[in-house]
Amino acid sequence: MKGYEVVMGLEVHAELSTKTKIFCACANKFGGAPNTHVCPVCTAMPGALPVFNRRVLEYAVRLGLALNCDITRCSKFDRKNYFYPDLPAAYQISQLYAPICKNGCMEIALEDGGTKTIGIHQIHMEADAGKLIHDPANEQTYVDYNRSCVPLLEIVSEPDFSSAAQVIAYLTKLRETLLYLGICDCKMQEGSIRADVNLSVRRPGEALGVRAEMKNLNSFKAIARAIEYEAARQIEVLEKGGTLVQETRRWDDNKGRSYPMRSKENANDYRYFPEPDLLPMQIDDQWIEGIRGSLPELAHEKRARYIKDFGLSEFEAGIITAHKNISDLFEEIARQSGQALESARLVTGEIMRMMNNTGILPEDLSLDAGKLAYLVKLVIEGKINRNSYKDALNAVFTRNVQPADYVKEKGYIIVNDTNAVAQAIEAVIAENPNAVTDYKSGIQKAFGFLMGQVMQKLKGAGNPGAVKAALTEVLGS
Amino acid sequence: MTAIEISAAIKAKKLTVLQVVEDYLKKIKEQNDVTNAFLYVAHEQALARAAEVQAQIDTGELDDSPLAGVPIGIKDNISTMGIETSCASKMLEGYTPVFNAFVIDKLEAAGMIILGKLNMDEFAMGGSSETGIKGAVRNPWDTARVAGGSSGGSAAVVASDLVPLALGTDTGGSIRQPCAFCGVTGIKPTYGAVSRYGAVAFASSLDQIGPIGGNIDDCAALLSVISGKDERDNTSVIDKPFAFGDSTDVKGMKIGIPRNYFSNGIDDEVKNAVLSAARTLEEQGVIIDEFDMPMLDYVVHVYYIIACAEASSNLARFDGIKYGYRSKNAETLAQVYRLSRSEGFGLEVKRRIMLGSFVLSSGYYDAYYKKAMQVRAIIKDEYSKLFQKYDMIISPVAQSTAYKIGENIDDPVKMYMNDLYTASVNLAGLPAAVLPCGFDAAGLPIGFQLIGDAFSEDKLVTAARAFQSVTDYHTKKAGGNNS
């Protein structure tokens, strides 16, 4: 880095998974035929007025509390004015003067094993814009307002990051937190979580340098690459004696470089002012405390509990809590089977393997915990063997079979019935006199053959230990 | 006949709804050219509605609705489903809303019949109803003169009896000043009493829809219909519609009269008529007390900063993209915006958008918008202090009677000063009733206003009723003489 240090701050936009949009009753759903989730409000027809969806406020406060923020007791909306075809009112309802959450922080784990506290400057609520669709065939641009007025939280960090790894650690934990709070589905590919990075470089001890804001970062990988590129670009300009301009740059992940979008000189003057159509929100302590009390256990809290109460390893606890769907599944299997350790082994083993093989993402995972718990119980109680267990799990994964029927049909239930075992042994001895003779004359491998024959008669459902003991006894007599 | 009398006659089977509607439609057809007050006459819709409403009246469904069967005209900035709503602007020519304003649903449920849409200043920006795309509204008392604005069409149609009732909107005096100029009665309701849903926004924190009629009882009946809670308007803070009694008892009521409203600039004839109105109320037992209205010198400035700031944002949606006017000369996106807005908006609208954009722009926000909001809070506070002392305030509406068409159109500052007596009422969100109280030497009507504390409409209506019970200015109808 030629003696430079990198200073970064993040602006993350998270689309909230409320049932309806932030200022109207339209469905808040990704996709759908263009302009099918719209109404006079979210298309800004003349005379239509916004009505605030209080669920958005609740979600914002949930995140604010989880990130140790101060909650603003009299929060207000402001209008951010600019022209663009995806913004039907030509203003975005956002928050500038009294954002809902301020002064929070989040602790992230560093690569060296230490931790770092990242400041959260503010979290504010706003409405998303629609989407432009360019048709290269006829060189036309169309606009789809389905996304117009989808609720967003913008989480603005302090400029506390000094490496791409820290940025990724923060985003990973923020994503995890949003998922655990159940307020955002965090599908980066659908744009439900988007991050802009503000980056500047300086010599240690110097004042902050001129920053560039990087947009269009669509994956963690793109973020890491863009940071590396931008830091190198700025250092190169400075090293060549040049000066940097404050600007917004667009990352092109295919080309592996960024391009200037606009500089400070031609930046929009958003002419913010208080939104007159919406009254200030009065938020009382009791309501906030109610939300605090209903906050779910977050990932880091779960990890600690798994290790302490269930005796899981840090590694296992880490894998399980990496996504809320996984930890929910784990807890449900563990609860129904009463076998936390075996459940953890199942989730971190067979289920992870299955997901890797099939490419199923944690957010799309939907397995019946009850069926898996049933199999966990069978294998722990010795009623099926490990091979049968794996096969039955696979049948549940691929065909969602009823495990009770399946193991019965396959004859996987281990027979402990001594009568049945005795009868099978008797029959095998009668059918294989030569092998019996061989065994009695000291040829040990004849035992294995006889054992195999007995297991075959029991259709694999014999308890090998019990069968071995019984066969030894019969042959020895 | 008053609106209430028309409805009673229909219920008593002395008239049919169709007779009433056809009679008014005929008058409109014959006389609209005199005032140019109707932009659009909903002839077919009105006849169809007449049959529907008659059926409802016949079954007794509308027995409790004192305005059932009464025709009404609607200012063209209030959304009417299926009926063009252009705000008298080229920008919205041909735009037909897909939804009704709250007030339209309410008055249709009450059995009223919309006869058409009324001319106004473009986007309600003006005090003379001269700036609309279809030309000026002419004052029925003297067609060389303005009807006032911005609800000039609404006041003119009532004054010339082309409809018994009309809806207007008032952002800085836009119901009251045309009522005064046309000699009719009107109410600017408390902010939050009537839903703004469907009223094309000019200045969201100031706009209110209100009734214009021939007398206070008709206006009060219409206000009862259109007021009430609307979940679609966050600023709708009333819990239930107004219910007005029939009292004329004003004994012991204390009414303040602001001395400094009468000192300079005001015409003597207007001044005398308003002072005489105060005496009339005094004779009925009101206690009149003089005071000096604080902050008067700041009202117009503060009003224009706030109204234009909000307007610059509210009118940004008219961008040539989704509906309304798009310039045929535009090739790039920037041109779609620039040319559509340059060609689609009139001069006064553009002037206000620019003024509003300027006061909100970076580096000027604190000096203009923020400061104006601070002064607005002081004005509001001063009013609440006054209402600890007085039940209401009596004041002139304008400094003069209706002026000549074209007389002030090139002098925006003079035009803005028209709002001196009215705009502070909107800044403070208060209700006011405007009543005719005389004529000048040229025979032009003079009006005055009674300003009340928030949600004191009942008291205002009582005082207004008391005044009209002993005066007959409101019963005079314009002849539409061409001078």
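Highlighted here are the helices (runs of 4 or more DSSP H) found entirely within segment A:239-348 that include at least 1 residues which are more than 14 Å from chain B (Cβ to nearest Cβ), out of contact with any His (no Cβ under 9 Å at 6 or more places or on another chain) and more than 27 Å from A:L67 (Cα to Cα): A:324-337, A:340-346. Applying the criterion of being aliphatic (A, V, I, L, M) and part of a strand (DSSP E or B) to the residues of segment B:170-202, the residue that is surrounded by the fewest Cβ atoms within 10 Å (Cβ to Cβ) is B:A199. When the residues of segment A:13-56 are filtered to those that are among the hydrophobic types (A, V, I, L, M, F, W, C), under 23 Å from A:I283 (Cβ atoms) and in contact with a helix residue (DSSP H, G or I) (Cβ under 8 Å, 6 or more places away or on another chain), which remaining residue is nearest to the other protein chains (Cβ to nearest Cβ)? The selected residue is A:I22. Scanning segment A:14-38 for residues that are assigned to a strand (DSSP E or B) and either out of contact with any strand residue (DSSP E or B) (no Cβ under 7 Å at 6 or more places or on another chain) or surrounded by 17 or more Cβ atoms within 10 Å (Cβ to Cβ) (or both) gives A:A14, A:E15, A:T20. Return yes or no: is A:A392 crowded, with 18+ Cβ neighbours inside 10 Å and under 17 Å from A:T321 (Cα atoms)? No; evaluated as a whole, the condition is false for this residue.
Can you say whether B:T190 is out of contact with any Lys or Arg (no Cβ under 7 Å at 6 or more places or on another chain), more than 14 Å from chain A (Cβ to nearest Cβ) and over 30 Å from A:R79 (Cα atoms), as far as the supplied structure shows? It is false that B:T190 is out of contact with any Lys or Arg (no Cβ under 7 Å at 6 or more places or on another chain), more than 14 Å from chain A (Cβ to nearest Cβ) and over 30 Å from A:R79 (Cα atoms). The number of residues in segment A:438-477 that are outside any helix (DSSP H, G or I) and closer than 12 Å to A:V428 by Cβ comes to 2. Of all positions in segment A:397-414, at least one carries a residue that is hydrophobic (A, V, I, L, M, F, W, C), assigned to a loop (DSSP other than H, G, I, E, B) and over 34 Å from the mean Cα position of the chain (by Cα). If the condition is being within 13 Å of A:H13 (Cβ to Cβ) and surrounded by fewer than 22 Cβ atoms within 10 Å (Cβ to Cβ), then segment A:194-212 contributes A:R194, A:D196.
Within segment A:93-120, the set of residues being in contact (Cβ under 8 Å) with a residue 12 or more places away in the chain, surrounded by fewer than 20 Cβ atoms within 10 Å (Cβ to Cβ) and not β-branched (V, I, T) comprises A:S94, A:L96, A:Y97, A:A98, A:K102, A:N103, A:C105, A:A109, A:L110, A:E111, A:K116, A:G119.
One residue alone among B:R338, B:R351 is within 14 Å of chain A (Cβ to nearest Cβ) and over 30 Å from B:K251 (Cβ atoms), and that residue is B:R338.
Restricting B:L167, B:L223, B:L162 to residues that are farther than 27 Å from B:C308 by Cα, at pLDDT 95 or above and outside any loop (DSSP other than H, G, I, E, B) narrows the list to B:L223. Tell me, which residue of segment B:237-265 that is within 22 Å of the chain's Cα centre (by Cα) and of a type in the set (V, I, T) is surrounded by the fewest Cβ atoms within 10 Å (Cβ to Cβ)? The extreme case among them is B:V237. Taking residues in segment B:196-217 that are more than 13 Å from chain A (Cβ to nearest Cβ) and in contact (Cβ under 8 Å) with a residue 40 or more places away in the chain, and partners anywhere that are among the aromatic types (F, W, Y) and in a helix (DSSP H, G or I), the pairs with Cβ atoms closer than 9 Å and at least 6 places apart or on different chains are B:I216/B:F467.
Would you check if there is a residue in segment A:37-51 being without any contact (Cβ under 8 Å) to a residue 60 or more places away in the chain, under 23 Å from the mean Cα position of the chain (by Cα) and over 30 Å from B:T332 (Cα atoms)? Within segment A:37-51, not a single residue is without any contact (Cβ under 8 Å) to a residue 60 or more places away in the chain, under 23 Å from the mean Cα position of the chain (by Cα) and over 30 Å from B:T332 (Cα atoms).
For the structure I just gave you, tell me whether A:K308 is within 30 Å of A:V210 (Cα to Cα) and loosely packed, with under 12 Cβ neighbours inside 10 Å. Against the criterion (within 30 Å of A:V210 (Cα to Cα) and loosely packed, with under 12 Cβ neighbours inside 10 Å), A:K308 does not qualify. Within segment B:99-125, if we keep just the residues that are in a helix (DSSP H, G or I) and away from chain A (no Cβ under 14 Å), the residue that is surrounded by the fewest Cβ atoms within 10 Å (Cβ to Cβ) turns out to be B:A109.
Looking at B:T80, B:T96, B:T85, just one residue is surrounded by fewer than 19 Cβ atoms within 10 Å (Cβ to Cβ) and within 14 Å of chain A (Cβ to nearest Cβ), and that residue is B:T96. Looking across segment A:159-187, the residues that are surrounded by fewer than 17 Cβ atoms within 10 Å (Cβ to Cβ) and touching a Ser or Thr at 6+ places or on another chain (Cβ under 9 Å) come down to A:G182, A:D185. Being within 30 Å of B:G256 (Cα to Cα), more than 14 Å from chain A (Cβ to nearest Cβ) and touching a Ser or Thr at 6+ places or on another chain (Cβ under 6 Å) is not true of B:I394.
Could you check segment A:69-157 for strands (runs of 3 or more DSSP E) lying wholly inside it with 2 or more residues that are β-branched (V, I, T) and within 14 Å of another protein chain (Cβ to nearest Cβ)? Output list reads A:140-144.
The set of residues in segment B:281-326 being aromatic (F, W, Y) and within 11 Å of another protein chain (Cβ to nearest Cβ) consists of B:F318, B:Y323. The combined condition, being without any contact (Cβ under 8 Å) to a residue 24 or more places away in the chain, surrounded by fewer than 20 Cβ atoms within 10 Å (Cβ to Cβ), on the phi > 0 side of the Ramachandran plot and out of contact with any Phe, Trp or Tyr (no Cβ under 6 Å at 6 or more places or on another chain), is fulfilled by A:E139. The residues listed here are A:N419, A:N434; of these, the one that is under 53 Å from the mean Cα position of the chain (by Cα) and loosely packed, with under 12 Cβ neighbours inside 10 Å is A:N419. Of the residues making up segment A:329-344, those that are buried (at least 16 other Cβ atoms within 10 Å of the Cβ) and out of contact with any Lys or Arg (no Cβ under 8 Å at 6 or more places or on another chain) are A:L329, A:F330, A:E331, A:E332, A:I333, A:A334, A:Q336, A:A340, A:E342, A:S343, A:A344.
Take B:N234 and decide whether it is without any contact (Cβ under 8 Å) to a residue 12 or more places away in the chain, buried (at least 16 other Cβ atoms within 10 Å of the Cβ), within 14 Å of chain A (Cβ to nearest Cβ) and not in a strand (DSSP E or B). The answer is yes for B:N234. Hey, any hits in segment A:117-132 for a residue that's in contact with a Ser or Thr (Cβ under 9 Å, 6 or more places away or on another chain), farther than 17 Å from A:A195 by Cα and not small (G, A, S)? Within segment A:117-132, one or more residues are in contact with a Ser or Thr (Cβ under 9 Å, 6 or more places away or on another chain), farther than 17 Å from A:A195 by Cα and not small (G, A, S).
The values are calculated or read from the model by the stated rules, or taken from the named source; none is laboratory data. What you see is a predicted model, and the numbers here were worked out from it, not measured in a lab. For neighbour counting, all protein chains shown are included, and Cβ atoms are generated from backbone atoms with ideal geometry for every residue, glycine included.
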